[in-house]
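This report concerns only the one structure given below.
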Number of protein chains: 2
Amino acid sequence: MGEFDLIKRYFTRPARRAVLGVGDDCALWAPTAGQQWAISSDMLVEGRHFVSTVAPERLGHKALAVNLSDLAACGATPRAFTLALALPRVDAGFLEGFARGLFALADAHDIELIGGDTTAGPLNICITVFGEVPPGQALLRSGARAGDAIYVSGSLGDARLALEVLRGALSLPGSGFDAARLAMEMPQPRLALGQALRGIASSAVDVSDGFLGDLGHILHRSGVGARLQVDGLPRSALLAGLAPALQRQFGLSGGDDYELAFTAPASARDAVQAAAAQAGVAVTQVGTIEADPGVRLLDARGQVLPNVYGSFDHFKS
Amino acid sequence: MGEFDLIKRYFTRPARRAVLGVGDDCALWAPTAGQQWAISSDMLVEGRHFVSTVAPERLGHKALAVNLSDLAACGATPRAFTLALALPRVDAGFLEGFARGLFALADAHDIELIGGDTTAGPLNICITVFGEVPPGQALLRSGARAGDAIYVSGSLGDARLALEVLRGALSLPGSGFDAARLAMEMPQPRLALGQALRGIASSAVDVSDGFLGDLGHILHRSGVGARLQVDGLPRSALLAGLAPALQRQFGLSGGDDYELAFTAPASARDAVQAAAAQAGVAVTQVGTIEADPGVRLLDARGQVLPNVYGSFDHFKS
């Protein structure tokens, strides 16, 4: 099968909202009057963002999910995406599974594939997503203020736990590993939460490289610091079985969580919980923004912990 | 240097038209009221789209140029782009050159980099471009009608000539090779021509995989055929020194030309030439659209030539 047959067979579906979808030099889209466009692009590489043994369907899901997570962090409503794919070979089983996982998530969020590219090369998946957001209402990294509460959605650390089991550094019973691997390979972008937090949250970021590192982007761009209750980080029952030091490490700097970290004024506490309930996602307050730069980590007894936790960096890890 | 330092150092410049540029989860853009968005994404892989010895500055130029060429083929005005980059290592010399070539072309067309991603991995460059076009005025592949004239801009085949010299299949004197290599590595997207052809051309496509194959997209989507004067294809002085069979092959199916192939009613001949003059690019009529499907290739004496010319396919070549 050649390049154009491949695109036609696996990646061409009738345009819905698009004026023109896959198949011309460009896609055409008529933006909704009065809305801003939120745009984000993520590239996934084997061995960096996924393991070679991942099921193609889950890889299709994850490739789109990590992009949608960026739209979620801005409070945008997703509309469309492009897909560029480098493949070592044309493998029908891989492509069928990949497309199934990709489109299942796309359909769940009512967005459409409008264009892209395929080429031969080392496996690489590059997706660019487009969403809409009312002017001035996007959640940014720069809006956190001293006194704001710091929240995180869902739970942290399971994806890292799965990775360490795959690496052979830890072991889990089969059902536990399946659950952790599901967290790693099928992250759920928090789109409903992001949209519900518009007008409530003062800042937001998606947790992709580890909570502490991603919160650091908020602190840096907002010019503030933070105090965190480390042992109050939400974690799954799976993680709760580990030694406390590992729980802290995976929660603070695990990576691949795709939860939202965000801040909101103390007065917005009820509104935050109402938004979380509306979105069907738990959110947990894990700390407070402070004027002093830097991060203060506190244990359950209020003792300061040394900050030995790094953030994931693709050129350092 | 880590991932975030790299982005900051080489790829972050102040936002101009963007509401929000590089540095948050998403970029934000306020579309011009009443305009449609034209969107295209291309992925470049070493050994497929460029040779390992390409100067980084030229690679930066080419990566953006091939994307802009898609906007040109739609008649869109480019506005912004995202860049996702997988790099085997952080190489300051490479990145400085790449960014210089990339931004030089971006500045020449008044567009800005609004976001993207960097990761470690086999060298891969994925750019997504955004342009604007008035509703109903985009040039599509589907509008060619029997009787329309077929045109191509600039000249064809020099990029393929350079490739064959690099492969050792042909030789050229040094200055000739430099010129051919410039065509291969520094294509000039025909944006001014594409915009000038709005309302004049009935269809258009950019010539990236070879003239015959890309014209084939127009024929397929328009449900028509074509008659081509093969020896009338525009070619450079470089190419004119080759054997006639090679001239035909490189002109018809060379690849990497990034010229525009387009059609226009016979009555629009003067308007086409005026658009070409306005854009400062030569355009040459090379054939005629016919109702019968398929392509008839004619030599200078009007004799039918066998069609032995393929199109570039990343999974077949």
Check whether at least one residue in region A:162-178 is among the small types (Gly, Ala, Ser), surrounded by 24 or more Cβ atoms within 10 Å (Cβ to Cβ) and in contact with a helix residue (DSSP H, G or I) (Cβ under 6 Å, 6 or more places away or on another chain), and report yes or no.
-> yes
Of the listed residues (B:261, B:277), the one being closer than 19 Å to residue B:66 by Cα and modelled with pLDDT of 95 or more is B:261
Q.
Against the condition under 19 Å from residue A:260 (Cβ atoms) and in a loop (DSSP other than H, G, I, E, B), how does residue A:155 come out, does it pass?
A. yes
Check: Does residue B:157 satisfy being out of contact with any His (no Cβ under 6 Å at 6 or more places or on another chain), crowded, with 18+ Cβ neighbours inside 10 Å and either at the interface with chain A (Cβ under 9 Å from one of its Cβ atoms) or not small (Gly, Ala, Ser) (or both)?
Finding: no
Out of (1) modelled with pLDDT of 95 or more; (2) more than 30 Å from residue A:49 (Cβ to Cβ); (3) open to solvent by 50 Å² or more (accessible area, probe 1.4 Å), the one residue A:303 does not meet is (1)
Quick count over region B:48-85, residues being surrounded by 21 or more Cβ atoms within 10 Å (Cβ to Cβ) and within 7 Å of chain A (Cβ to nearest Cβ), is 7
Log entry, pairs with first residue in region A:88-117 being touching a residue at least 12 places away in the same chain (Cβ under 8 Å), second being polar (S, T, N, Q), beta carbons closer than 7 Å, six or more apart or on different chains, reads A:114/A:82; A:115/A:82; A:115/B:40; A:115/B:41; A:116/A:82; A:116/B:41; A:117/B:41
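Go through region A:88-104 and report how many residues are under 19 Å from the mean Cα position of the chain (by Cα) and buried (at least 20 other Cβ atoms within 10 Å of the Cβ).
Taking region A:88-104 as the starting set, the residues that turn out to be under 19 Å from the mean Cα position of the chain (by Cα) are A:98, A:101-104.
Going one step further and asking which of them are buried (at least 20 other Cβ atoms within 10 Å of the Cβ), we end up with A:98, A:101-102.
So the count comes out to 3.
Here's a check for you: in region A:24-47, which residue that is small (Gly, Ala, Ser), within 7 Å of chain B (Cβ to nearest Cβ) and not in a strand (DSSP E or B) is surrounded by the most Cβ atoms within 10 Å (Cβ to Cβ)?
Residues of region A:24-47 that are small (Gly, Ala, Ser), as a first pass: A:27, A:30, A:33-34, A:38, A:40-41, A:47.
From the residues that got through so far, the ones that are within 7 Å of chain B (Cβ to nearest Cβ) too are A:27, A:30, A:33, A:38, A:40-41.
Remaining after also requiring not in a strand (DSSP E or B): A:30, A:33.
Working: A:30: 14, A:33: 8.
Among those that are small (Gly, Ala, Ser), within 7 Å of chain B (Cβ to nearest Cβ) and not in a strand (DSSP E or B), it is A:30.
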By residue number, the members of region B:114-152 that are part of a strand (DSSP E or B), under 19 Å from the mean Cα position of the chain (by Cα) and within 14 Å of chain A (Cβ to nearest Cβ) are B:124, B:125, B:126, B:127, B:128, B:129, B:130, B:131, B:132, B:133
Among residues of region A:4-20 being charged (D, E, K, R) and part of a loop (DSSP other than H, G, I, E, B), the residue most open to solvent (accessible area, probe 1.4 Å) is A:16
Pairing a residue in region B:241-258 that is open to solvent by 30 Å² or more (accessible area, probe 1.4 Å) with any residue that is in a helix (DSSP H, G or I) and of a type in the set (Val, Ile, Thr), where Cβ atoms lie under 9 Å and the two sit 6 or more apart in sequence or on different chains, gives B:248/B:230; B:256/B:66
Here the residues within region B:187-217 that are of a type in the set (Gly, Ala, Ser), out of contact with any Phe, Trp or Tyr (no Cβ under 7 Å at 6 or more places or on another chain) and not in a loop (DSSP other than H, G, I, E, B) are B:192, B:194, B:196, B:216
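The values are calculated or read from the model by the stated rules, or taken from the named source; none is laboratory data. Keep in mind that what you see is a predicted model, and the values were worked out from it rather than measured. Methodologically, a virtual Cβ is constructed for each residue, glycine included, from the backbone with ideal geometry; neighbour enumeration extends over all protein chains shown. Note: areas computed on protein heavy atoms with side chains; ligands, DNA, RNA excluded. Shrake-Rupley method; radii C 1.70, N 1.55, O 1.52, S 1.80 Å.
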